[in-house]
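The values are calculated or read from the model by the stated rules, or taken from the named source; none is laboratory data. All values derive from a computational prediction rather than experimental measurement. Glycine also receives a Cβ, built like all others from the backbone with ideal geometry; neighbour counts cover every protein chain displayed. These accessible areas exclude ligands, DNA and RNA; they are computed on the full protein's heavy atoms, side chains included. Shrake-Rupley method; radii C 1.70, N 1.55, O 1.52, S 1.80 Å.
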Amino acid sequence: MADDSIAVVDLEKCQPDRCNYECANFCPPNRTGKECIITREERYEQDEPYQGRADQVWISEDICLGETCGICVEKCPFDAIQILNLPQELDEEPVHRFGDNSFALYGLPAPEDGRVTGILGPNGIGKTTAVHILADELAPNLGQIGEEPDWDEILESYRGTALQEYLESMRAGDVTVSRKPQYVDQIPDQFSGKTSELLAGTDERGVLDELTERLEIEPVVDQPIDTLSGGELQRVALAAALARDADFYFLDEITPYLDISQRMTAARLIRELAEEEGRSMLVVEHDLAILDLLADAIHIGYGESGAFGIITPPKSVKGGINQYLSGYLENENMRVRETNIEFEEHAPRSLSTGDVVIEYPALSKDYGDGEFSLEVEAGTIRENEVLGVVGPNGIGKSTFAKLLAGRLEPDSGKVDSQLDIAYKPQYIEIDQPMRVDAFLSSITNDFGSSYWNTEIAQPLQLERIMEQNLTDLSGGERQRVAIAACLSKDADLYLLDEPSAHLDVEQRVLATSAIRRYAENHNATAMVIDHDIYMIDLLSDRLLVFDGEPAQHGHAATPSGMREGMNQFLSNLNITFRRDERTSRPRINKPGSQLDREQKSAGEYYYAP
């Protein structure tokens, strides 16, 4: 194979007991007598006994003809093989490779004292692997399988680079690490007890009380950890990570389940720790508005999920995000996406004139005894429109969704019980021991049809996870399956609660496209609750804005146009957005800046006048 290609065999999918080794039998080099595709038993017969399944295949990257052939990829009945060309400009060896025909990582981010470094890129391209290396939990093997290098060789390979000093300090034991996990909803599976007990052992800097107050988690510190919502778990996890006394902080996705105000607070806390105490912060984040506000520099990650990942050298935040949105990385001369992501400077869509699908009356729900209460003004939702729903956490958005879906009974008002509603809840609990394809085929008769594949499966990138078990899926994979399951049903209203959670930027754009195209092509109606301002902007025709006092009282106005709705929503939060002059990408204004004051004075918080 050419030096710029890589062969990857997914050992979880490779099932030789259920095939006839079509990959090997049809391989052109094999048919000329060469040993390009052989079993792992044959590959390792001269070495120590192979620890995995000996009948699974191994591909010689020296003999393989590369992506231009691809016969084994087509012939494999389980989609277990990838033959991929690496970028021609890539002239370095891998930082780490997990074995023969396994994932390879190229490049590492470079932490800097007193700065926030961001990583932007899709899931599955090695961001977590990079952090394991920087946290001294994984020794990079420089792509050398079998005879792994010692640390002297590793350090020599980074001599003269931005990482040299950091790696030397790390290896000497002079770097301490604090980490916030990606999937905070898994915390109750790993810890039982009160929230205060979890936090008590983390207060190494003596700032836990301040963090608890600023993150507004005081009401939950005496509650059992397994009773907390996703937003509460996210803030508890962030407090625990920032309370530790560390040299290097790694924060993996700080925004899922947080509203915009809470995201701003998290961003300020991270910046303060970097600027005021000189700590090194590395943040993986998919909310571009928050990443733009938070980071001093960013690394772009790209590649092929599960096959290889490349971490670029650092870029300016503005330039890096704009290049990523355009799909073209200038310094690397690399196109990472076929199309660019565009934002409208003005509210882009006229109001729908379709038939009214849902006309709901004024509704109320009061949980009594001083608990939460909700009041909703009467409104309508029309066919062929996407209604975006925005507002702080704890304000009643999910309660309203459950009222419409018939999962809660209102105290006053009556929702049409004849409505057929497909509902994707905020928190996805998939515990059925079945495969993804079996699960989805049980939902719709259209499973596998050309239109279903084109409009649902392909945009949501489901092809490569169809044969996996639901219980083995990552958070992002579960989210995509749940969105697909919702859109696969015949319904009057498709109601999706926080579909952006745990999706990377690419997946958010693709999910947005899938929801919009489905609504447009089927004259369908969708209601989407989300905190990602970019997703709401790209997706919605109108907005339903919630306000009030979180956890006490919520109020929902009548649905409004995008400009009116965004101005109402952001004025409640006292946040304004400016537009990037090159891409029209919304960017959060610094509070109190000249632009912030001018836009507030004009009453234009989001769309340019």
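Return yes when Thr454 is closer than 30 Å to Thr558 by Cα, of a type in the set (Val, Ile, Thr) and outside any loop (DSSP other than H, G, I, E, B) and no when it is not.
no
Considering only segment 247-336, give the strands (runs of 3 or more DSSP E) lying wholly within it that have at least 2 residues that are in contact with a Phe, Trp or Tyr (Cβ under 8 Å, 6 or more places away or on another chain) and under 30 Å from Glu549 (Cβ atoms).
Result: empty, no element qualifies.
Conditions first: (1) outside any loop (DSSP other than H, G, I, E, B); (2) in contact (Cβ under 8 Å) with a residue 60 or more places away in the chain; (3) out of contact with any helix residue (DSSP H, G or I) (no Cβ under 7 Å at 6 or more places or on another chain); (4) buried (at least 17 other Cβ atoms within 10 Å of the Cβ). Ser178 passes all but one, so which condition is the exception?
(3)
Could you run through segment 538-573 and say how many residues are crowded, with 23+ Cβ neighbours inside 10 Å and modelled with pLDDT under 90?
Of the residues in that region, 1 qualify.
So, of the residues in segment 506-527 that are of a type in the set (S, T, N, Q) and open to solvent by less than 50 Å² (accessible area, probe 1.4 Å), which turns out to be farthest from Gln458 (Cα to Cα)?
My answer is Thr525.
Leu167 versus (1) assigned to a loop (DSSP other than H, G, I, E, B); (2) within 24 Å of Lys315 (Cα to Cα): which is the lone unmet condition?
So Leu167 meets the others, but not (1).
Taking segment 293-328 on its own, how many of its residues are in contact (Cβ under 8 Å) with a residue 24 or more places away in the chain and open to solvent by less than 20 Å² (accessible area, probe 1.4 Å)?
Residues that pass the stated criteria total 19.
Here is a yes/no grid of residues against (1) open to solvent by less than 60 Å² (accessible area, probe 1.4 Å); (2) part of a loop (DSSP other than H, G, I, E, B); (3) touching a Leu at 6+ places or on another chain (Cβ under 7 Å):
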position: Gly146; (1), (2), (3): no, yes, no
position: Glu156; (1), (2), (3): no, no, no
position: Gln186; (1), (2), (3): no, no, no
position: Asp189; (1), (2), (3): no, no, no
position: Ser196; (1), (2), (3): yes, no, no
position: Leu233; (1), (2), (3): yes, no, no
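Run Leu496 past the list (1) touching a residue at least 12 places away in the same chain (Cβ under 8 Å); (2) open to solvent by 10 Å² or more (accessible area, probe 1.4 Å) and report the number of the one that doesn't hold.
Single failed check for Leu496: (2).
Within segment 210-258, work out how many residues are free of Cβ contacts under 8 Å to residues at least 12 places away in the same chain and over 20 Å from Asp189 (Cα atoms).
Residues flagged as free of Cβ contacts under 8 Å to residues at least 12 places away in the same chain and over 20 Å from Asp189 (Cα atoms) within segment 210-258 amount to 3.
Only one of Val415, Val436 is modelled with pLDDT of 90 or more and open to solvent by less than 50 Å² (accessible area, probe 1.4 Å); which?
That would be Val436, the only listed residue that is modelled with pLDDT of 90 or more and open to solvent by less than 50 Å² (accessible area, probe 1.4 Å).
Among what's in segment 439-456 and is within 26 Å of the chain's Cα centre (by Cα) and open to solvent by less than 40 Å² (accessible area, probe 1.4 Å), pick the residue that is nearest to Asp497 (Cα to Cα).
Result: Ile456.
Please state which of the following conditions Glu74 fails to meet, knowing it meets all the rest: (1) part of a strand (DSSP E or B); (2) farther than 30 Å from Tyr166 by Cα.
(1)
How many of the residues making up segment 100-131 are more than 12 Å from Ser280 (Cα to Cα), of a type outside the set (Gly, Ala, Ser) and assigned to a strand (DSSP E or B)?
Count: 4.
Each row is one residue, and each column tells you yes or no for (1) among the hydrophobic types (A, V, I, L, M, F, W, C); (2) open to solvent by less than 10 Å² (accessible area, probe 1.4 Å).
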residue	(1), (2)
Glu22	no, no
Phe26	yes, no
Arg43	no, no
Cys76	yes, no
Ala80	yes, yes
Val95	yes, yes
Pro111	no, no
Ile119	yes, yes
